[in-house]
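Novice: Handing you a structure now.
Where a number appears in this text, it was derived from the coordinates with a stated rule and is not lab data. Small disclaimer: the values here were computed from a predicted structure and weren't measured. Cβ placement follows ideal geometry from the backbone for every residue including glycine, while neighbour counts extend to all protein chains displayed.
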Amino acid sequence: MDKFANKKIGIMGGAFNPFHIGHLRHAIEIAEELELDAVDLLVSYNHPQKEGLLPFELRVQCIEKSLQHIDFIHINEIEKEIRGISYTDVILGEWKKSHPLAQPFFLMGIEDFKNLPTWHNGLELYKTAHLIIVARHGKTAQDFWQTAKTYWNDSIIIEENASQPLCRQKKAKLILNNAEICTFINIPTLNIDATTIRKLWADKRNLKGLIHDSVIEFLRENCETVKLYWK
């Protein structure tokens, strides 16, 4: 029986190299804002735009240690089964086959949304999952709308609060051919990134507060392996 059947599921993909507190808060904030039943983490097996990835199994173990006592966030290893390059449209298609009755919401930052045309069939992703675009670095619903119009000229936007200008909207929905295809949301985010964490680790700096304490210990235990990838 499919555990996601008839449920609203957030899909959060990434290399998670490593999974950090920013990822965790991102998943929690979105789940609460959109009233999702669960968040499924799609861990990249062979990311087409990333180098220096820890082995897949080590990254998954870091996530497991980060999710202790958090039962609504799940780890999905589907990309390990598919192998090949981790094209998002292919992975989402396979995810849908496994969970045909679920309502998928694919999560991405506004920077990724602006790069969507460079993704493999990126502008077709909305046909597989509802896109959730998260504001970052001061970007607003106005920035989202300007980008969306270049992709889908016939689309319209519906603001959450009609009394507020678009640049101040916390949430806005994009409609194309009478169907909702995207939702922009502005939620609290932590300014943490994996690149900085890897650099701090290489410099033997203290990572407390950036990643789970058990992950810090795990990286220490696997130091010789980690330093082969995090140079």
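Novice: Report Rg/Rh for the stretch 108-193, rounded to two decimals, where Rg is the Cα radius of gyration and Rh the Kirkwood radius. It would help to have the intermediate numbers written out before the result.
Specialist: Details: Rg = 12.4 Å, Rh = 13.1 Å.
In the stretch 108-193, Rg relative to Rh is 0.95.
Novice: A further question on this structure: At a Förster distance of 41 Å, what's the computed FRET efficiency of E224 paired with T118, Cβ-Cβ distance as r, to 0.05? Please report the intermediate quantities before stating the final value.
Specialist: Values: r = 36 Å, r/R0 = 0.88.
The calculated FRET efficiency here is 0.70.
Novice: Counting Lys and Arg as +1 and Asp and Glu as -1, each charge on the Cβ, what is the dipole of the chain about the Cα centre in debye, to the nearest 20? The partial results should precede the final answer.
Specialist: Working: 28 positive and 30 negative charges, 117 e Å.
Using only the charged Cβ atoms, the result is roughly 560 debye.
Novice: For K170 and E35 in one chain, what is 0.36 nm times their gap in residues minus the Cα-Cα distance, to one decimal in nm? Show your work: numbers first, answer last.
Specialist: Details: separation 135, 0.36 × 135 = 48.60 nm, distance 1.54 nm.
Length gained between K170 and E35: 47.1 nm.
Novice: While we're on this one: Dividing the convex hull volume of the Cα atoms of the stretch 148-231 by its residue count, what figure in Å³ per residue is obtained?
Specialist: On the way: hull volume 14.9 nm³, N = 84.
Expressed per residue, the convex hull around the Cα atoms of the stretch 148-231 is 177 Å³.
Novice: Using modelled backbone amide H atoms (1.01 Å from N, in-plane), which distant-in-sequence or interchain residues come within less than 5 Å of F106's amide H?
Specialist: Distant-sequence amide H within range of F106: I11, H130, L131, I132.
Novice: Further question on the same structure: Distance between the C-alpha centers of the stretch 129-144 and the stretch 37-96? Whole Å please.
Specialist: Rounded to whole Å, the Cα centres lie 23 Å apart.
Novice: So if a site counts as exposed when it's one of the GluC sites (Glu not before Pro), its DSSP state isn't H, G, I, E or B, and it has at most 10 other Cβ atoms within 10 Å, what's the longest stretch of the chain without one?
Specialist: Working: sites that count: E35, E51.
So the longest stretch without any such site is 52-231.
Novice: At D154 and H74, where each label point lies 7 Å from the Cα along Cα→Cβ, what is the point-to-point distance in nanometres?
Specialist: So the two model labels end up 3.6 nm from each other.
Novice: Also, I was wondering about something else. Stick to the Cα atoms of the stretch 8-191, pair each with every other, and give me the Kirkwood hydrodynamic radius in Å at one decimal.
Specialist: Numbers: mean 1/r = 0.0589 Å⁻¹.
About 17.0 Å, per the Kirkwood formula over Cα pairs.
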